[in-house]
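In what follows, a structure is listed as structure tokens, so that the remarks can point back to it.
The values are calculated or read from the model by the stated rules, or taken from the named source; none is laboratory data. These numbers come from a predicted model, not from an experiment. Protein only, heavy atoms only, side chains kept; ligands, DNA and RNA dropped before computing areas. Shrake-Rupley method; radii C 1.70, N 1.55, O 1.52, S 1.80 Å.
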Amino acid sequence: MTHLLHIDTSARSERSHSRRMTREFVNTWKENFPTSTVTYRDLARNPVPHVDESWIEAAFTSPQDRTAKMWESIQISERLVDELLSADIYLIGVPMYNFSVPSTFKAYIDQIVRLGRTFSFEPEDQKTPYKPLVHGKKMFIITARGASGYTPEGIYKAYNYQDPYLQTVFGFIGITDINFIHVENDEFGGERLAQSIAKAKAQIAEIFVTYE
Ligand SMILES: Cc1cc2nc3c(=O)[nH]c(=O)nc-3n(C[C@H](O)[C@H](O)[C@H](O)COP(=O)(O)O)c2cc1C
């Protein structure tokens, strides 16, 4: 049975395009795979903590050497990593905030990119000292942006620290099968926004034509 982890990160509620699109995705998902299960995490309403000094000390100490206090410092991180690893498919709604991702999502990423759990470090291996530990997963990321032009050919290509960053950081831990859908032009509204929403909806529908 497939398990989907659905994460929303927009600070907006009903006006959020990324939330609306991930909801549409999940509804279609449930229609297509009625026996699958879904875990929902809302990082705007229930933010996860930022890493702090005690977290760093604990996360970079070998499990066998960790004190009870250290385990306590990474308790939330452990739970988030368990949740991540127990899912087969990820669906994430991500607005572009100042050319990158909401800080709530960055805080989450810092909690789940974990030495010994989602990546390993083998300094003697000169070619690939960092190795991903997450395998066989699939990710769908639905972004929402006020403008457009963030593609490699676009006028704002140099400003885009959103999808290239997500591809890099999730690729680092082994999630390389990532499918992006973008809702753009929220700030322009009108026909430009409507066209982008229609395209994103068509892309979601298309996923389920070929998905097994
Ligand atoms: C704090 C903040 C920063 C933003 N920065 C950008 C940006 O750098 N580039 C952009 O195209 N849109 C930017 N926007 C617009 C949002 O990306 C856009 O409104 C998007 O639809 C928000 O996602 P949501 O509809 O899911 O809430 C920003 C919005 C906010 C609130």
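With a 1.4 Å probe and every protein chain left in place, tell me how much accessible area LYS30 has, in Å² to the nearest 10.
110 Å²
Aspartates and glutamates near LYS137 by alpha-carbon distance under 20 Å, same-chain residues fewer than 8 away left out - which ones?
Hits, sequence-local ones excluded: ASP8, GLU78, ASP82, GLU83, ASP88, ASP110, ASP163, ASP177, GLU206, GLU212.
Given a 1.4 angstrom probe, what's the average accessible area per residue across region 100-175, in square angstrom?
Values: 3680 Å² over 76 residues.
Accessible area per residue, region 100-175: 48 Å².
On average, how much accessible surface per residue is there in region 1-72, in Å², for a 1.4 Å probe, leaving out ligands, DNA and RNA?
Heavy-atom SASA per residue in region 1-72 reads 61 Å².
At a 1.4 Å probe radius, carbon and sulfur cover how many percent of the accessible area of the chain?
C and S atoms contribute 52 percent here.
Excluding residues on the same chain fewer than 8 positions from LYS131, give the lysines whose Cα lies under 22 Å from its Cα.
List returned: LYS106.
Go ahead and set up a Gaussian network model of the chain, Cα springs under 10 Å, then flag whichever of ILE175, ILE74, ILE92 fluctuates most.
Judging by the Gaussian network model, the answer is ILE74.
Comparing ILE155, ILE181, ILE89, which has the greatest mean-square fluctuation in the GNM of the chain with Cα pairs linked when under 10 Å apart?
So, out of ILE155, ILE181, ILE89, the one fluctuating most is ILE155.
Go ahead and set up a Gaussian network model of the chain, Cα springs under 10 Å, then flag whichever of THR128, THR35, THR168 fluctuates most.
Largest GNM mean-square fluctuation: THR128.
Among DSSP bridges having both ends in region 1-123, what percentage is antiparallel? Round to the nearest 5.
10 percent
Straight-line reach from LYS201: which lysines have Cα under 20 Å away, leaving out those fewer than 8 places along the same chain?
Straight-line reach from LYS201, under 20 Å: LYS30, LYS138.
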